[in-house]
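The values are calculated or read from the model by the stated rules, or taken from the named source; none is laboratory data. The structure presented is a predicted model; accordingly, all values stated were derived computationally and were not measured. Virtual Cβ from ideal backbone geometry, glycine too; neighbours counted across all protein chains shown. Surface accessibility is based on the protein's heavy atoms, side chains included, excluding ligands, DNA and RNA. Shrake-Rupley method; radii C 1.70, N 1.55, O 1.52, S 1.80 Å.
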Amino acid sequence: MPKVTAVTTVGPLLRLLSLLRRGLRALGQDLLTLAPDPLLAPSRPSWARALLYVPFVYAAGALGAAALSNLSSIYEMHPVGSRLVQALVLLQAAALVLVVSRPVAAWWLVTGAAVAQALSVTGVRDDTFWPWPVWGLVLEVLVLILVSLRARTRATLTMLALTVGVTLLLPYVRTPPGAERQADAMAVAVFLLAVFFSAPLRGLRQARSRLVEQTSLTAEERARRTVLEERSRIARELHDVVAHHMSVISIQAQVAPHLVENPSDELRENLEGIRNNALEALTELRRVLGVLRSEHGEQAPETPQPTLDRLDGLIANARAAGLAITAQLAGTERPLPPGVELSAFRIVQEALSNAMRHAPAADVRVELERTRQCLRIHISNGRPARPVAPSPGAGHGLLGMRERAAMLGGELTAGPTPTGGYEVTALLPLN
């Protein structure tokens, strides 16, 4: 029975020692470090980070100069000790500049210099605060505030506890004649207020940073998903166009021998090879792109893919929605490649949808110009007739239009006009 009791007692003690060891190791990593922690993120411009030092350098210089000018009037020091105290004052002022990039090291510097300064003086004039003169108290508070905004909570509380401990214990180690002991309670109260009012701001700063980061990631993910969806849609539509032509080639190769009187065996063999190659290509195309049709249970469309022949109906629907559209088709009348026809129709369709969404009741001009080299599409709208609420999906349709133009080796530009409207211009090569 005694053995069981001993084992039961030792187990929790070992766990407690293990937790204490891990806690001390974590505190050592937080406090015994010279790792940089810039007040401004490295992504900020270098000139902004350099400009941030200006007020801290000015404040450090002002407090340091005030301290040096008042040393002889408040402290009694030996000649050698006077130079030491002056050097310690300069180190305290330098900590205010160091805190911009290394807050933990700055705290060690300002606190250590204050303790060394308090132990170096031989006497204090009457009614002088000790161990924290006014400038020392201001420097310590500023450093604690900036540390609280950036260090972990446990590290901040540990530094606060050490600062309060130094303030309360130092008078018991050594109290020079004339020291004002009432300053201890005031200094402790100021340190507590500084930390407990500034530490919560660190949580708000972190939450804001995470929100900005999450918003950026969400926007990037939404844009990436939009591009992928548009590419899948383009692939499905091209599948229909290519599959149609491959089927026609296969049927023509099968029928061609019957249109020739006494076709040779060589002709039959070549046509049969053309037909087999077309069927193999069609099978492989359906195998590769078939997964795009079945994703999320989507079924293959039963209607043919739209072409520019349906442009009049598209414009009529937009006019019925309130747009005043002027359409112009210029250039030579000649057949266009199916992919160009489909992409041109989709670009016009998306541009008119954006005009209806962002510029209701505005004047819209649609221009299509065919040349030997390319098809030029230009859609522009005027200023909206009434204020329009911002759309959360703004910009995603432009991604799809750019994907379609890039797929054909063309280019697309979009942007606001000087009159307050918007325009889209696409160049789709025909060769």
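Could you please report the charge total around Val227, scoring K, R as +1 and D, E as -1 over all other residues with beta-carbon less than 13 angstrom from its beta-carbon?
So the surrounding residues net to +2.
Check which residues have an amide H placed less than 5 Å from Ile325's amide H, if you skip close sequence neighbours.
Amide H to amide H, under 5 Å and 5 or more residues apart or across chains, Ile325 pairs with Val364.
Using the Karplus curve 6.51 cos²θ - 1.76 cosθ + 1.60 with θ = phi - 60°, what ³J(HN,Hα) values do you get for each residue of segment 135-140, in whole Hz, with x for Gly and Pro?
5, x, 5, 5, 4, 5
For the full complex of protein chains and a 1.4 angstrom probe, list His258, His378 by accessible area with the highest value first.
Sorted descending by solvent-accessible area, the residues read His258, His378.
Determine the gain in length on full extension of the stretch Asn317-Val212; use 0.36 nm per residue of separation and subtract their C-alpha separation, reporting nm with one decimal.
Going from the current span to full extension adds 33.8 nm.
Taking θ as phi - 60°, what are the ³J(HN,Hα) couplings along segment 97-114 by the Karplus curve (6.51, -1.76, 1.60), each to the nearest whole Hz, with x for Gly and Pro?
7, 5, 5, 5, 10, 9, x, 5, 5, 5, 5, 4, 5, 5, 6, x, 5, 5
Go through segment 189-194 residue by residue and turn each phi into a ³J(HN,Hα) via Karplus (6.51, -1.76, 1.60, θ = phi - 60°); whole Hz please, and just put x for glycine and proline.
So the J values, rounded to whole Hz, are 4, 5, 5, 5, 5, 4.
What nm value, rounded to one decimal, do you get for the distance between Gln328 and Leu228 when each label is placed 7 Å out toward the C-beta?
Going from the Gln328 label point to the Leu228 one covers 4.3 nm.
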